Amino acid sequence: MLPYALPRLFLFSVDPETAHDLTLGSIAHLQNTPLQCTWAQPRVQDPVSVAGLRFPNRVGLAAGLDKNGRCIDGLGAMGFGFIEVGTVTPLAQPGNPKPRMFRIVEKDALINRLGFNNGGLDSFIANVKRAHSFRREGGIVGLNIGKNAATPIERAVDDYLIGLAGVYPHADYVTVNISSPNTKNLRSLQSDEALDALLGALVERRAELAREHRRQVPMFLKIAPDLDEDQVAVIAATLQRHGLDGVIATNTTLSREAVQGLPHAEEAGGLSGAPVLQASNRVIAQLRAALGPVFPIIGVGGVMSGADARSKIEAGADLVQIYTGLIYKGPELVTEVARALAAK
């Protein structure tokens, strides 16, 4: 494997979104070819069963990096046990105006206000269906769904139902993303009545899809770190009442406390990376206390080392995901985290 320090020098010399697009374009073009060896590494075997699925190890890629599902095999070759792609919306949309990604290198952090830019559901499904080697080797694929920016929040359920029906036959699990800060009013779906209505409709539709496809696909909810203990308790109770299979905690934060005064710190959008670790772990711990010992929790936010990943497990997570850490640390982080969790 090519040491990540070399490509990072180049990637960090250009605009973050340009670097992102170049990286994904290269992986999409070179995956499943001999040149995949430049970033591939053996997977650490640490199998665990969560939500009825057998994960080869506890380390996954968070949604948002591969929004269109183009690079499942290539990213999987880095040693992940599971890959989550999306967020996909029913219709293609460009997202928010550029520039919309910003590095805060001093804090190993990013701010993004991409806004669910993606090629739409049909293109997404076609890409997912083309992936083969990662799943053949036992990898788990999660598909993350959201609403179009142009859809009024009052009609958000319609978009999620379209997304669920579209991805269901192709997903090992489905994630319902109501926690991005970059789609207007989206986080309002985390409130009591709105969440109850959304999950009720989705669970009813999933039962129909399970009968149609003769398979039960687990469904997770992804929530924000910017919730107080009472809000977390309401979400936990709603998850259990509707029989969801798990929760992903957390998305990016709107807080700027940890990066105050640094260049780009006041840019609008969600902050990810090292500064989110403690807030994410706080929500994970609150969820575990509210949900009991066996309800599946995937911890994400601020994992930059094996020790960070262990802190998520100690807070109550069953699995962990990385995203910004991969950008700052490279594929080596996948192996470091997987080994740390296997040893624990």
* Can you give the Rg to Rh ratio for segment 192-328, taking only C-alpha atoms and Rh from Kirkwood? -> 1.02
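Can you compute the FRET efficiency between residue 257 and residue 15 using 1/(1 + (r/R0)^6), with r the Cβ-Cβ distance and R0 = 30 Å? Round to the nearest 0.05.
Values: r = 26 Å, r/R0 = 0.87.
The computed FRET efficiency comes out at 0.70.
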* To do: Have a look at 112, 72, 124 and report the one farthest towards the positive end of the charge dipole of the chain, computed about the Cα centre with Cβ charges (Lys/Arg +1, Asp/Glu -1).
  => 72
* To do: Determine the sum of side-chain charges near residue 64: Lys and Arg each +1, Asp and Glu each -1, restricted to other residues whose C-beta is under 13 angstrom from that of residue 64.
  => +1
* Asked: What are the ³J(HN,Hα) values, in whole Hz, obtained from phi via the Karplus relation 6.51 cos²θ - 1.76 cosθ + 1.60 with θ = phi - 60°, for each residue of segment 286-298 in sequence order, with x given for Gly and Pro?
  -> 5, 4, 4, 5, 7, 9, x, x, 10, 5, x, 10, 9
* Structure fact -> Computed about the Cα centre, the charge dipole of segment 249-334 from +1 Lys/Arg and -1 Asp/Glu charges at the Cβ has a magnitude in debye, to the nearest 20, of 180 debye
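Which whole-number percent gives the relative contact order of segment 70-229, counting Cα pairs below 8 Å spaced six or more residues apart?
Details: 249 pairs, mean separation 36.5, N = 160.
Worked out over segment 70-229, it gives 23 percent.
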* Starting from the Cα gyration tensor of the chain, multiply each eigenvalue by 5, take the square root, and state the resulting semi-axes largest first in whole Å. => 27, 23, 21
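What is the ratio of the Cα radius of gyration of segment 7-99 to 2.2 N^0.38 Å, with N the residue count, to two decimals?
On the way: Rg = 15.1 Å, N = 93, 2.2 N^0.38 = 12.3 Å.
Against the empirical 2.2 N^0.38 Å value, I get 1.22 for segment 7-99.
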* To do: Calculate the length of the line joining the C-alpha centroid of segment 119-172 to that of segment 234-283, in whole Å.
  => 22 Å
* Structure fact -> For segment 116-132, Karplus-derived ³J(HN,Hα) couplings (6.51, -1.76, 1.60; θ = phi - 60°; whole Hz; x for glycine and proline) come out as 6, 5, 6, x, x, 5, 4, 5, 4, 4, 4, 5, 4, 5, 6, 5, 9
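Based on DSSP, what percent of beta bridges with both residues in the chain are antiparallel, to the nearest 5?
Values: 13 of 41 bridges.
Beta bridges within the chain, antiparallel portion: roughly 30 percent.
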* Structure fact -> About its Cα centre, the chain carries a charge dipole, from +1 on Lys and Arg Cβ atoms and -1 on Asp and Glu Cβ atoms, whose size in debye to the nearest 20 is 760 debye
* Which order results if 332, 137 are arranged by neighbouring Cβ count within 10 Å, fewest first? -> 137, 332
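With Cβ to Cβ distances under 13 Å as the rule, what net charge do the other residues near residue 270 carry (K, R +1; D, E -1)? All intermediate terms of the calculation are to be shown ahead of the outcome.
On the way: positive: 100, 113, 187, 222, 256; negative: 226, 267.
The answer is +3.
Could you list, in their original order, any pairs among 67/129; 98/222; 312/344; 67/107; 67/222 whose Cα atoms are separated by more than 23 Å?
Values: 67/129 15 Å; 98/222 26 Å; 312/344 12 Å; 67/107 25 Å; 67/222 15 Å.
With Cα atoms farther than 23 Å apart: 98/222; 67/107.
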* To do: Pull up all non-local amide H partners of residue 69: gap of 5 or more, or a different chain, and H-to-H distance under 5 Å with H placed in the peptide plane.
  => 86
* To do: List the residues whose amide H sits under 5 Å from the amide H of residue 220, counting only those 5 or more places along or on another chain, with H placed 1.01 Å from N in the peptide plane.
  => 174, 175, 176
* **Charge-dipole axis of the chain as Lys and Arg at +1 and Asp and Glu at -1 on Cβ define it, positive-most pick from 328, 189, 275** => 328
* Whole-Hz couplings from phi, Karplus 6.51/-1.76/1.60, listed for segment 158-166; x for Gly and Pro -> 4, 5, 5, 5, 4, x, 4, 5, x
* Check residue 61: other-chain or 5+ apart residues with amide H under 5 Å from its amide H, H built from backbone geometry? -> 82, 83, 84, 322
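Output the antiparallel fraction of DSSP beta bridges having both residues in segment 207-344, as a percent to the nearest 5. Before the final figure, lay out each step's value.
Details: 1 of 11 bridges.
Here the antiparallel bridges make up roughly 10 percent for segment 207-344.
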* For the chain, with the dipole built from +1 on Lys and Arg beta-carbon atoms and -1 on Asp and Glu ones, taken about the Cα centre, which of 341, 28, 99 lies farthest toward the positive end? -> 28
* To do: Can you check what the net charge comes to around residue 332, using other residues whose Cβ is under 15 Å from the Cβ of residue 332 (Lys, Arg +1; Asp, Glu -1)?
  => +1
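When a footprinting reagent is the concern and you count Cβ atoms within 10 Å, what order do 133, 13, 311, 280 take, fewest first?
Values: 133 15, 13 8, 311 20, 280 28.
Final ranking by Cβ density, sparse to dense: 13, 133, 311, 280.
FYI, it's all coordinate maths here, none of it is from the lab. What you are looking at is a predicted structure, and each value in this text was computed from that prediction instead of being measured. Positions of Cβ are generated from backbone atoms using ideal geometry, with glycine treated the same way; all protein chains shown enter the neighbour counts.
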